[in-house]
Amino acid sequence: MLVKFQSLLALVLLCFLLGVMTDIFFTYANLINVMRQISVNICISVGMTLVILTGGIDLSVGSLLALSGAITAGLLKFGLELPFIDTFIGFTLFGAIMAGIITGTSLGAFNGLMITRFRVPPFVATLAMLTIGRGLTMLYTKGFPISGLGPQFSYLGTGWFLGIPIPVWISLIVVAIAVFITNKTRLGRYIYAIGGNESAAALSGINIKKIKTMVYAIAGALAAVGGIIVTSRLDSAQPNAGNSYELDAIAAVVIGGTSLSGGKGTIGGTVLGAIIIGVLNNGLVLLNVSPFWQQVIKGVVILLAIIIDKYNSKSNG
Amino acid sequence: MLVAKNISKNFGGIKALERVNLEIDRGKVNAIIGENGAGKSTLMKILSGVYADYEGDIFLHGNAIRFLNPRQAQEAGIAIIHQELSLIPQLTITENIFLGRELTHYFGGLNQKEMRLQTKKLLQRLKLDLNPDTPVYRLKVGQQQVVEIAKALLTNAEVIIMDEPTSAISDHEVEILFRIIDDLRKENKAIVYISHKLNELFKIADCYTVLRDGKTIESGEMHGVNKEDIIRKMVGRNVEIVGNPIANNFTDDLLLVKDLNLKISGISKNVKLSDISLHLKKGEILGIFGLMGAGRTEFLESLFGMHAKDSTGDIFVEGTQITLKNPSDAIRAGIALVPEDRKKDGLVLGLNVKNNISLTVLDQIETAGILSEKKENILADKYIGELGIKTSSKKQLAKNLSGGNQQKVVISKWLATHPRILLLDEPTRGIDVNAKNEIYKLITALAKKGLGIIMVSSELPEILAISNRVVVFAEGVITAEMPISEAKEENILQAAIPRSV
């Protein structure tokens, strides 16, 4: 099964309740709005799913999102000045975006290297990257937003294609690729094998270090994609963008039924988890629930999801 | 003393036990015999309070009892040593032994000194020469088992249930265990002994109960029955035992190991292999016997590229020298290793049968970077058929298979790499008699096809049953080598016993 039946049921129930309790939940404009809001979380959560499937965790995605967004915005607006050799490099739209994605990917790969070569536990390695990434963002932006990036760039975050916002398209493409990788490629199979039993995977001749490094690099790349979407939508790179996004991503993965100990879970489940969180956020806003209560309710939903999951796996086994 | 009457237990509609009767006597070793899935483990879990939900009655000293949890069973004097080790790897031997019953001073502080002392005494009694402060994860499986036994001994239980206590320990340790069991019997305790190894039962047990398909087949005294009787009762039919192998003249060189040296030094793990040289021919089964700590497992691991940093020596496959930096190098050179602990190192239990089989050869079932489900199915069907793997489907999770079938899945995933050399480390550990025979037949058939096989085993009958040639390890050196025609239990054991003890 692609997704867990009870998560789907929960989502349907949630939508039904919101449909009854509010007039605008089931309007085209609102539903599209929800999809656009969760598109960034979906990109990050997909990377997080791969990491968690190997038995790891990545706390640095929020910071990498901010840094990649800032680099893209900065290069686009100011270009790159190299004072020592008295050179100036201007960046095209494509070049700036690539530079942002390369930033996310390489720092993600750096996480992977720390974890595989120096045996730093994933929690610690990525926690360190969380502050390093945030610090680098502050250094690069000097603490101020970089705004006014031009209509071409903001099309990515605000544009439409075939009646659907561009960020939703991007997240759909990311999900499609990830579903393909996890189900149909060697990399995907190795990810499940490593998370299920690392020692057996190593003895089967799988290069554990390489696969894990790749997975953290992918998580970094997807954080960068999220960063570019956020920056483009606001037409501005905020130094504190993406703060605590890693927690929303972990929540989506967990609600989606992926085991934190690795080896078990699906991309489909994570997408559903992200949608549940998005719909919940949207519904609570529509119902005028105070933001403070929104946080409490979100926490309770995460707990419920885990408890139901544990209960189910017990009664099945 | 302990009587179970008409015990039935269902698991979701499947009858695990059906009106089983059992009588356990004081001062006797009571053997429970049956194939995997016969219901032995379920029955023991009921007796030890793990399952509180069952039909039937249990009487202890004539009083009806019903344990709601393992704690109550322990307090009533029933201790169980589970087949699956239940130690906590990060804690030390002492901490594990006293877990849940720590000794304290008046003010609630832990009495480390006394616990340490008692642990030391227990370890001495079990002849396990280890520091009580050693964390359990540093111990080999066999040593951990001995710690489990020490843990049960501490409770001064009246009834001690041992579920496959010798499945992972060497003959040397089995001797020690039997001496302890004998002492306990003299102290008028009741011992329940579950084992697949029939030879053991004839050595140690006084009476037996045979279970088959969740029912009691027969109970009786050990003397008065022989091995064939018991096997017939277990399986309900006669089992053909694999015939004696011969020392054929194998001619084609396959593997040559010259002066392999290995040194792993750790706090408690000190393994050394010195100047190991041996050869293997095509179609030959080489049996390696050795006691715990002889370095047998580490030798196989070295041949599989797992100790590249700690070892030196020359390895030739079909005349070409090879360098082994990691398992991938070994696989490329045509070497495959079926590891000792199939659940820990062999299988990804959460993946299904076909995913496990294809794990070593995913590059071969790819088309343009995409895994072909069709090719994977063909591969899985091939080995499920050839090896007779009993599974409800190739999509069944590996963890739901019996031990014998799990082992066949591990062998399949290695055969899929088309190895020239197959290394087997304790290939039939924890597998029932019937499945063992199937594995033996399989190994023999593979050798006939021209594979060279090195089998490490701590079960002498197994070595003698299928090897063409026997090599004995003791304390990291080869102490004997003989063709099967000259191999006898006595001379193998003699060579295996450490000189330094």
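Observations on the structure shown:
- Cα-based shape type of chain A, given that a ≥ b ≥ c are square roots of the gyration tensor eigenvalues and the cut on a/c is 1.5: oblate
- Average beta-carbon neighbours from other chains, 10 Å sphere, peptide A:185-194: 4
- For the protein assembly as shown, the Kirkwood estimate of hydrodynamic radius, built from reciprocal distances between every pair of different alpha carbons, is 30.2 Å.
- When the charge dipole of the range B:347-418 is built from unit charges on Cβ atoms (+1 for Lys and Arg, -1 for Asp and Glu) and taken about the Cα centre, the candidate among B:Leu371, B:Leu359, B:Ser393 whose Cα reaches farthest toward its positive end is B:Ser393.
- Selection of chymotrypsin sites (Phe, Trp or Tyr not before Pro), the range A:95-177, meeting DSSP coil and at most 12 other Cβ within 10 Å: A:Phe118
- Summing charges over neighbours of B:Tyr383, with a neighbour being any other residue whose Cβ is under 10 Å away from its Cβ, gives +3 when K and R count +1 and D and E count -1.
- 222 nm mean residue ellipticity, helices alone, for the protein assembly as shown (DSSP H n ≥ 4; -39,500 (n - 2.57); rounded to 500): -15500 deg cm²/dmol
- Taking trypsin sites (Lys or Arg not before Pro) across the range A:37-142, the ones in a DSSP loop with at most 12 further Cβ atoms lying within 10 angstrom of their Cβ are A:Arg119, A:Lys142.
- Using a cut-off of 32 Å between Cα atoms, the listed pairs B:Lys140/B:Lys448; A:Lys212/B:Lys354; B:Lys121/B:Lys325 include B:Lys140/B:Lys448; B:Lys121/B:Lys325 as exceeding that distance.
- Ranking B:Ser402, B:Ser277, B:Gly290 by Cα position along the charge dipole of chain B, where only Lys, Arg, Asp and Glu carry charges on their C-beta atoms, puts B:Ser402 farthest toward the positive end.
- Near A:Gly263: Cβ cut-off under 15 Å, other residues only, Lys/Arg at +1 and Asp/Glu at -1. The net charge is +4.
- Cα gyration tensor, the range A:235-308 - rounded (a/c under 1.5), prolate or oblate: oblate
- Selected from A:Ile267, A:Ile191, A:Ile85 as most flexible by GNM, with chain A as the system and alpha-carbon contacts under 10 Å: A:Ile85
- Average beta-carbon neighbours from other chains, 10 Å sphere, peptide B:365-375: 2
- Of the chymotrypsin sites (Phe, Trp or Tyr not before Pro) found in the range B:11-69, none is in coil by DSSP with at most 11 other Cβ atoms within 10 Å of its Cβ.
- Note: relative contact order over chain B, using C-alpha pairs below 8 Å and six or more positions apart, is 16 percent.
- The range A:64-115 versus the range B:322-338: alpha-carbon centroid distance in Å: 42 Å
- Contact order normalised by residue count of chain A, Cα under 8 Å, 6+ apart, percent: 34 percent
- Gyration tensor (alpha-carbon) shape descriptor, the range A:1-60, a/c threshold 1.5: oblate
- With a 10 Å cut-off around each Cβ of B:404-417, the average count of Cβ atoms from other chains is 1.
- Think of each Lys and Arg Cβ as +1 and each Asp and Glu Cβ as -1; about the Cα centre, that makes the dipole of the protein assembly as shown roughly 1020 debye.
- Signed unit charges on C-beta, dipole axis of the protein assembly as shown, positive-most listed residue B:Ile81, B:His61, A:Gly79: A:Gly79
We did not get these values from a lab; they are worked out from the coordinates using the rules stated. Keep in mind the model is a prediction, meaning the values are calculated, not measured. Cβ coordinates were reconstructed from backbone atoms using ideal geometry, including for glycine residues, and neighbour counts include every protein chain displayed.
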